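Engineer: For reference, the structure I am asking about is given below.
The values are calculated or read from the model by the stated rules, or taken from the named source; none is laboratory data. Bear in mind the structure is a predicted one, so any value in this text is a computation, not a measurement. Here Cβ is always computed from backbone atoms with ideal geometry, including for glycine, and neighbour counts include all displayed protein chains. The area values use the complete protein model at the heavy-atom level, side chains included, leaving out ligands, DNA and RNA. Shrake-Rupley method; radii C 1.70, N 1.55, O 1.52, S 1.80 Å.
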Amino acid sequence: MYKDKTILITGGTGSLGKALTAHILSKHPEIKKLIIFSRDEQKQFQMALEYPSDQYPKIRFFIGDVRDRERLKRAFKNVDYVIHAAAMKHVHLAEYNPDECVKTNIHGAQNVIDACLDTNVERVVALSTDKACAPINLYGATKLASDKLFIAANNITGWNPIKFSVVRYGNVMGSNGSVIPFFLNKKQTGILPITDPTMTRFNISLQGGVDMVMHALEHAWGGEIFIPKIPSYKITDVAEAIGPECTKPVVGIRPGEKIHEEMITESDSYYTYDLGKYYTILPATHKWKLAEYIAHFKATKVPVGFKYNSGENTAWETVDSLRKLIKQHVDPSFVH
Ligand SMILES: NC(=O)c1ccc[n+]([C@@H]2O[C@H](COP(=O)([O-])OP(=O)(O)OC[C@H]3O[C@@H](n4cnc5c(N)ncnc54)[C@H](OP(=O)(O)O)[C@@H]3O)[C@@H](O)[C@H]2O)c1
């Protein structure tokens, strides 16, 4: 499905965008072009140094803002697949600058949809987050609105065979602004602040995120929210893994934070199917036949009342497994 196809990643210079770029260029040399779309010329300049055009003739860089629909339309000309990863994602910055977050995460999502519908894009995968599930902060609320826009976009495609789907997952290990790099930096001070000793989070590697996005691109029928089955960790175990010798004062939960993150609520259980390695929340209305979907993917309906959250997960990282993962995925020089 990749032969002679052009793929565009909004937010292509971000953590996920760069991991997707490396994956696509190495695993799918048969593509025609890979376009990186984002605002900051400096990040694009740096990324272009990593991918010199004589060695990587298929990569292109396109400056643009997802708030600018006309620019998106220009960028999407002759693009086949779009991965929408551009977002404002820091919870506290979204709380402080709510209108900016709305403009990027909600208006930007609608602009991406409109530009896809106005061009010949065939498949679109939008990135979501566990914080969009029963959201309590603005970031999560904007991503929930974005999810709804992408899912509903399948209703307005007419005879256009374009498919929109969503991938939702939790904390990406070591991504910009997340707890592991924060603790690694703080370790030298001898103090690792713990917001709440009972706090838990889902954990996924960047490669795990890439795999889920590629799966959605390849297999979505339109309107699904794909949710990988991933382990949780306790924040106290992350602190113990990184700085066993550090003092760990409890500083209290921050505005907009949950003790446990959620990916599927009891209310979602009515539409949720287990597909083995992952779950999908299916849209309430769809163009395809549910019985065919279930048969094709050997999907099993989860019981009514089922929920998937980081506090009641069945798979857990331990202090030891976290140490191995940090060395493998975040900091090869990590020693404890
Ligand atoms: N990291 C996580 O733990 C995590 C977990 C779950 C879901 N997600 C979701 O995964 C996606 C990617 O996250 P990430 O960690 O890769 O984020 P990131 O590292 O912060 O990268 C964000 C990217 O979006 C671009 N961008 C931001 N605003 C833009 C705008 N208005 N127009 C165009 N480009 C814009 C940024 O480049 P410029 O600033 O140069 O424009 C950058 O390339 C996001 O949708 C996020 O919500 C992330």
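Engineer: Order Trp159, Trp221, Trp288, Trp316 by their accessible area, 1.4 angstrom probe, all chains in place, largest first.
Structural biologist: Working: Trp159 250, Trp221 60, Trp288 35, Trp316 95 Å².
Reading off the accessible areas and sorting them downward yields Trp159, Trp316, Trp221, Trp288.
Engineer: Please give the peptides 299-306, 225-232 ranked by average Cβ packing (other Cβ atoms within 10 Å per residue), highest first, as a rough proxy for protection. Don't skip to the answer; put the middle values down first.
Structural biologist: Working: 299-306: 13.4, 225-232: 21.5.
Output ranking for 299-306, 225-232: 225-232, 299-306.
Engineer: Could you sort Thr189, Thr265 by their accessible area in this structure, using a 1.4 Å probe and putting the largest first? Before the final figure, lay out the partial values.
Structural biologist: Numbers: Thr189 85, Thr265 25 Å².
Reading off the accessible areas and sorting them downward yields Thr189, Thr265.
Engineer: Would the stretch 1-84 count as rounded, prolate or oblate if I go by the C-alpha gyration tensor, calling it rounded below 1.5 in a/c and otherwise prolate when a/b exceeds b/c, oblate otherwise? Before the final figure, lay out the partial values.
Structural biologist: Values: a/c = 1.71, a/b = 1.15, b/c = 1.48.
Taking the square roots of the gyration eigenvalues as a ≥ b ≥ c, the stretch 1-84 is oblate.
Engineer: When the distances between all Cα atoms of the stretch 4-147 are binned every 5 Å from zero, what whole-number percent does each bin get?
Structural biologist: Calculated P(r), rounded to whole percents: 2, 10, 20, 22, 19, 14, 8, 4, 1, 0.
Engineer: How many nm separate the modelled label positions at Tyr96 and Thr189, each set 7 Å beyond the Cα in the direction of the Cβ?
Structural biologist: Going by the 7 Å Cα→Cβ label model, 1.6 nm.
Engineer: Can you send over the solvent-accessible area of Lys73, 1.4 Å probe, protein chains only, in Å² to the nearest 10?
Structural biologist: In the full protein context, Lys73 sits at about 60 Å².
Engineer: Quick one: work out the % antiparallel among DSSP beta bridges in the chain, nearest 5.
Structural biologist: Details: 14 of 45 bridges.
Antiparallel: roughly 30 percent of the beta bridges in the chain.
Engineer: What dipole magnitude, in Debye to the nearest 20, does the stretch 216-305 give about its Cα centre under +1 on Lys/Arg Cβ and -1 on Asp/Glu Cβ?
Structural biologist: Taking the Cα centre of the stretch 216-305 as origin, the dipole is about 220 debye.
Engineer: Using 0.36 nm per residue, how much length does the chain from Ala152 to Ile136 gain when fully extended, once their Cα-Cα distance is taken away?
Structural biologist: Details: separation 16, 0.36 × 16 = 5.76 nm, distance 2.25 nm.
Difference between extended and current length: 3.5 nm.
Engineer: Just how much of Lys324 is accessible, in Å², when a 1.4 Å probe is used and the result is rounded to the nearest 10?
Structural biologist: 140 Å²
Engineer: Order these peptides, 52-60, 180-188, 81-89, by their mean beta-carbon neighbour count within 10 angstrom, highest first.
Structural biologist: Working: 52-60: 12.9, 180-188: 16.0, 81-89: 25.1.
Packing order, densest peptide first, comes out as 81-89, 180-188, 52-60.
Engineer: Something else now. Taking a threshold of 22 Å on the Cα-Cα distance, which of the pairs Lys27/Lys89; Lys186/Lys248; Lys103/Lys131; Lys143/Lys298 fall above it?
Structural biologist: Numbers: Lys27/Lys89 28 Å; Lys186/Lys248 11 Å; Lys103/Lys131 18 Å; Lys143/Lys298 29 Å.
Table pairs above 22 Å Cα-Cα are Lys27/Lys89; Lys143/Lys298.
Engineer: Further question: If you consider only alpha-carbon coordinates, what radius of gyration and Dmax does the stretch 214-336 have, in Å?
Structural biologist: 18.6, 57
Engineer: Averaged per residue, what accessible area in Å² does the chain show with a 1.4 Å probe, protein chains only? Mind showing how you got there, number by number?
Structural biologist: Numbers: 15630 Å² over 336 residues.
That works out to 47 Å² for each residue.
Engineer: Now for a separate question. How do Leu322, Leu16 rank by accessible surface area computed with a 1.4 Å probe, from largest to smallest? Don't skip to the answer; put the middle values down first.
Structural biologist: Details: Leu322 0, Leu16 20 Å².
Heavy-atom accessible area, descending, gives Leu16, Leu322.
Engineer: Consider just the alpha-carbon atoms of the chain and return their Rg together with their Dmax, both in angstrom.
Structural biologist: Every Cα atom of the chain included, Rg and Dmax give 19.9, 62 Å.
Engineer: Tell me, what ³J(HN,Hα) does each residue in the stretch 4-9 have, in order and in whole Hz, if you take phi through Karplus 6.51 cos²θ - 1.76 cosθ + 1.60 with θ = phi - 60° and put x for Gly and Pro?
Structural biologist: 6, 9, 10, 10, 10, 10
Engineer: So what is the 222 nm mean residue ellipticity for the chain from helices alone, if each DSSP H run of at least 4 adds -39500 (n - 2.57) and you divide by all residues, rounding to the nearest 500 deg cm²/dmol? Each step should come with its number before you reach the end.
Structural biologist: On the way: 12 runs with 113 residues, N = 336.
Taking each H run of at least 4 residues, the total per residue is -9500 deg cm²/dmol.
Engineer: Roughly how large, in nm² to one decimal, is the mean projection of the convex hull of the alpha-carbon atoms in the stretch 145-208?
Structural biologist: Numbers: hull surface 26.7 nm².
Result: 6.7 nm².
Engineer: For the stretch 90-170, how big is the tail of P(r) above 14 Å, as a whole percent of Cα pairs?
Structural biologist: Of the Cα pairs, 60 percent sit more than 14 Å apart.
Engineer: With +1 on each Lys and Arg Cβ and -1 on each Asp and Glu Cβ, how big is the dipole of the stretch 67-171 about its Cα centre, in debye rounded to the nearest 20?
Structural biologist: Values: 14 positive and 11 negative charges, 27 e Å.
The dipole of the stretch 67-171 has a size of about 140 debye.
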